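What follows is a single structure, written as C-alpha cells, with notes after it.
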C-alpha cells in the first residue's frame, strides 16, 4: 500500500507538471512575461527593508511588469555581488561606496540611486550607568570598534571636537551582533542604528544614553543605508531601472503612511523577528524615511559631498570624490 501511494503521488506530480508545461507553452502566465530584477539586502530582513517587501506584497512591482527577487547578502557583501552582475540592485551604505568610487569606478561599477532613510539615524549607545552623555565622556571608556579607519576617525573627530582625549579611549575589537550583551560584558559604548537597537532598548525598558552622529557633526549626517544599482546595467536598461524605482518609491510611501500594516508585511517574511520591536521600529522610521526631502529617496548632493570630503580630509579616501557616486535620475 505504501508503494502504491508513492506511485500514485508520483503520477499526480507528473500530470501536474505536464499540465503546467502545456499551459506555459500555450501562452504563459503573467509572471512569465515579467522582467526579473534582483535586489540583494545588506543584512537579514529588518525595518530598513520594509518598503521593498511592501512593494512586492502589494504587487507594485508586478504592476510595472517586474518580477522582483529579494536575495540575502553573501559573506563578502552586497556590493561585490552587485558589481559582478549577479544582482541589479542592492542595499548598502554611503560609507562603503566611498572607497570603491575613489579607487576605480570600473572595478566596482555601482551607483547609489536612493536614500532609504533621509538622515543618518545611527549613533553611539551606552547604558545609563556608564555615564556617557556626550562624546568627551568616552575618554577612559571602552568603545566597541570594528577596527576600520572610518570608525576610528569618527570617534576621534567627535571626542576631540568635544574637548575629550581620544588617546584615552579604549578601542576594543568587537564584532558583536547583540549590542546589549556587548554593553553588559565587554564594552561601555557601541555604534548602533537607533531604529533597531535604540528602539529595542525602549521596548525592553533599558535605560540608555545615545549620541546622535548626524547632529554631533553635520558632515556625519551621511546616507545610510542607500539603494545601489549596477551602473552598467542601469545605463543599458534605464526604463527598467525607472520602473523598479517607481514601484520601490510607492512601497516606501505605503510604509510611511501605514506603519502597522507594513510591520505585518515584514513579519510575514521574517516571523523570527520580535513583533513588538518591528512594530515600534516601523513607527519610529515612518516619518524618517522621507523626512524633509522633496520625495522619498532623493539625495542632497551637498550632504553627500560633505561626507566624502570629510572622509578625504581624514585620510579615509585616496582622493576627493566630492558628489560622485550617486544619481537621482531614476527616481519618479
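What angle, in degrees between 0 and 90 and rounded to the nearest 10, separates the Cα long axis of helix 259-269 from the longest principal axis of the Cα atoms of the chain?
Tilt of helix 259-269: around 60 degrees.
Using the alpha-carbon centroid of each, what span in Å lies between segment 198-260 and segment 99-142?
So the two Cα centres are separated by 14 Å.
For a footprinting-style exposure proxy, rank 216, 224 by other Cβ within 10 Å, fewest first. Walk me through the intermediate numbers first.
Details: 216 20, 224 23.
By the 10 Å Cβ count, ascending: 216, 224.
Starting from the Cα-Cα distance between residue 146 and residue 318, subtract it from 0.36 nm times their residue separation and give me the gain in nm to one decimal.
Length gained between residue 146 and residue 318: 59.9 nm.
Would you mind calculating the gained length between residue 206 and residue 178 on full extension (0.36 nm times residue separation, minus the Cα-Cα distance), in nm to one decimal?
8.7 nm
Looking at the chain as a GNM with Cα springs under 10 Å, which of 204, 295, 56 has the largest mean-square fluctuation?
The residue that fluctuates most here is 204.
If you average over every viewing direction, what projected area does the convex hull of the Cα atoms of segment 122-220 give, in nm²?
5.7 nm²
Comparing 119, 49, 237, which has the greatest mean-square fluctuation in the GNM of the chain with Cα pairs linked when under 10 Å apart?
Greatest mean-square fluctuation among the candidates belongs to 237.
Neighbour counts of other C-beta atoms within 10 Å: give me 141, 128 arranged from fewest to most.
By the 10 Å Cβ count, ascending: 128, 141.
Round to the nearest 10 and give me the degree value, 0 to 90, for the angle of helix 275-285's Cα axis relative to the longest principal axis of the chain.
Helix 275-285 sits at roughly 70 degrees to that axis.
Based on DSSP, what percent of beta bridges with both residues in the chain are antiparallel, to the nearest 5?
55 percent
Would segment 256-332 count as rounded, prolate or oblate if I go by the C-alpha gyration tensor, calling it rounded below 1.5 in a/c and otherwise prolate when a/b exceeds b/c, oblate otherwise?
On the way: a/c = 3.04, a/b = 2.06, b/c = 1.47.
Prolate.
For the chain, modelled as a Gaussian network with Cα springs under 10 Å, which listed residue fluctuates most, 152, 255, 185?
In the Gaussian network model the winner is 185.
May I ask you to work out the translational diffusion coefficient for the chain at 10 °C, viscosity 1.306 mPa s, via Stokes-Einstein with Rh from the Kirkwood sum over Cα pairs, reported in whole µm²/s?
Approximately 73 µm²/s, per Stokes-Einstein.
Let me make sure I get this right: for segment 210-312, a, b and c are the square roots of the gyration tensor eigenvalues over alpha carbons, sorted descending. Under 1.5 in a/c it's rounded, otherwise prolate if a/b > b/c, else oblate. Which is it?
Note, shape of segment 210-312 comes out oblate.
On a 0 to 90 degree scale, rounded to 10, what angle separates helix 301-313 from the longest Cα axis of the chain?
60 degrees
Express as a percent, rounded to the nearest 5, the fraction of DSSP beta bridges in segment 122-220 (both residues included) that run antiparallel.
Here the share of antiparallel DSSP bridges comes out near 65 percent.
Calculate the spin-label point distance for residue 185 paired with residue 103, positioning each point 7 Å from the Cα along the beta-carbon direction, and give it in nanometres.
Going by the 7 Å Cα→Cβ label model, 3.3 nm.
By how many nm would the segment from residue 134 to residue 269 grow when fully extended, if each residue of separation counts as 0.36 nm and the alpha-carbon distance is taken off?
Working it through step by step, the gained length comes to 44.8 nm.
Throughout, read-outs are computed from the coordinates displayed, never taken from laboratory work. Keep in mind that what you see is a predicted model, and the values were worked out from it rather than measured. Please note: Cβ atoms are built from the backbone with ideal geometry, for glycine as well, and neighbour counts cover all protein chains shown.
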